[in-house]
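Have a look at the structure below, then the notes.
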Amino acid sequence: MLIRNPVPWPGGARVAVCFSYDMDAESLLHLYHGDTAHQKVATSSALRYGPLVAIPRLIDMWAKYDIKQTVFIPGWCVETYPDAVRALHAAGHEIGHHGYLHEKPNLLSAAEEERVLQKGIEAIANITGKPPVGYRAPSYAFSERTLDLLLKYGFRYDASLLGDEVPYVLQSDKGSLVELPADMSLDDWPQYVSMKEFGFQMPIQAPARAMEVFRADFDAAWLYGGLWIAVWHPFVSGRLSRAHATMELIDYMKAKGDVWFAPLSQIAAHVQGLIDRGEWTPRVERLPHWAPPLTPAVPRAAE
């Protein structure tokens, strides 16, 4: 009812679930504090916790539940922490593209955005032996050019946007691509992150309070046939108490039943297969949404 066009999930599942993570490590520190990054040792240690401590923990946790998931990794982080990436790949998890140094694509020139995309592809392919099929724009900063670049380089899906509770299709003059949307309510950053270096100091929630938000979204997705994609970070949600709470959430999901746990590449492939066979018709959203610049009917007041 509240979702007019739910996706028929495999095996009659009511909801598709992916605990996707963005392994940013110190890319954020070098991006925003390049000249002084070497001086910020405590911040660096917090970010390094992701690949060094949290990733092995997540691999063990996912093995316990026999589920495969998706980790988006900037190319610089792939090159800096190859052992973590190899371990994820060897365990059967998907490695997705997440920029090179976590640059915001919508602040780059056309040439810069393409070069960043190329460098990230090369870094991942050097570890996994093949280019990535999935993309998440750093900081949700999808540009008006991003879709066409993803099509040019053979990506199968994007997971950057926030426009629905079920998959939809992004379309331009160059072609179309499956979009697997999430929402800020499924991002762990507002729940847990308090880091003055990045201008973000939220009151840190107890895992139980954060899980109330994540579980509420899951319950609604389960009830109406939606898609539940976490947008989490190893150095954040990989911390001990939060990882323990995540296990309790997975237990809750499994007890509820009819849940399809899958990496985003499998979810996208399922959706594309439904479309190709004429078994489900997605909503199509054309990009760019508008051609800049828009001229206001009434001039803005002087600031």
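The values are calculated or read from the model by the stated rules, or taken from the named source; none is laboratory data. Keep in mind the model is a prediction, meaning the values are calculated, not measured. Here Cβ is always computed from backbone atoms with ideal geometry, including for glycine, and neighbour counts include all displayed protein chains. Quick note on the areas: whole protein, heavy atoms, side chains included, nothing else; ligands and nucleic acids left out. Shrake-Rupley method; radii C 1.70, N 1.55, O 1.52, S 1.80 Å.
Table for the structure above
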{"item": "Criterion: open to solvent by 30 Å² or more (accessible area, probe 1.4 Å) and either under 25 Å from Ile3 (Cα atoms) or within 19 Å of the chain's Cα centre (by Cα) (or both) - qualifying residue of Gln201, Gln266, Gln205", "result": "Gln266"}
{"item": "Helices (runs of 4 or more DSSP H) contained entirely in the stretch 1-115, each with at least 1 residues that are farther than 19 Å from Pro234 by Cα", "result": "27-32"}
{"item": "Pair list, Cβ under 6 Å, 6 or more apart: the stretch 170-185 residue in contact (Cβ under 8 Å) with a residue 24 or more places away in the chain and open to solvent by 30 Å² or more (accessible area, probe 1.4 Å), other residue outside any strand (DSSP E or B) and not hydrophobic (A, V, I, L, M, F, W, C)", "result": "Lys174/Asp148; Ser185/Asp217"}
{"item": "Test: residue in the stretch 224-241 that is among the small types (Gly, Ala, Ser), more than 24 Å from Gly11 (Cα to Cα) and under 18 Å from the mean Cα position of the chain (by Cα)", "result": "yes"}
{"item": "Which numbered condition Lys119 fails, given (1) surrounded by fewer than 24 Cβ atoms within 10 Å (Cβ to Cβ); (2) at positive phi", "result": "(2)"}
{"item": "Wholly enclosed strands (runs of 3 or more DSSP E) of the stretch 203-303 bearing at least 3 residues of a type in the set (A, V, I, L, M, F, W, C) and closer than 20 Å to Lys64 by Cβ", "result": "227-232, 259-261"}
{"item": "Hits in the stretch 147-167 - residues which are touching a residue at least 60 places away in the same chain (Cβ under 8 Å), open to solvent by 50 Å² or more (accessible area, probe 1.4 Å) and over 25 Å from Ala220 (Cβ atoms)", "result": "Arg156"}
{"item": "Breaking point among (1) modelled with pLDDT of 95 or more; (2) in a helix (DSSP H, G or I), for Glu197", "result": "(1)"}
{"item": "Single unsatisfied condition, Glu144 versus (1) under 24 Å from Gly75 (Cβ atoms); (2) among the acidic types (Asp, Glu); (3) open to solvent by less than 70 Å² (accessible area, probe 1.4 Å)", "result": "(3)"}
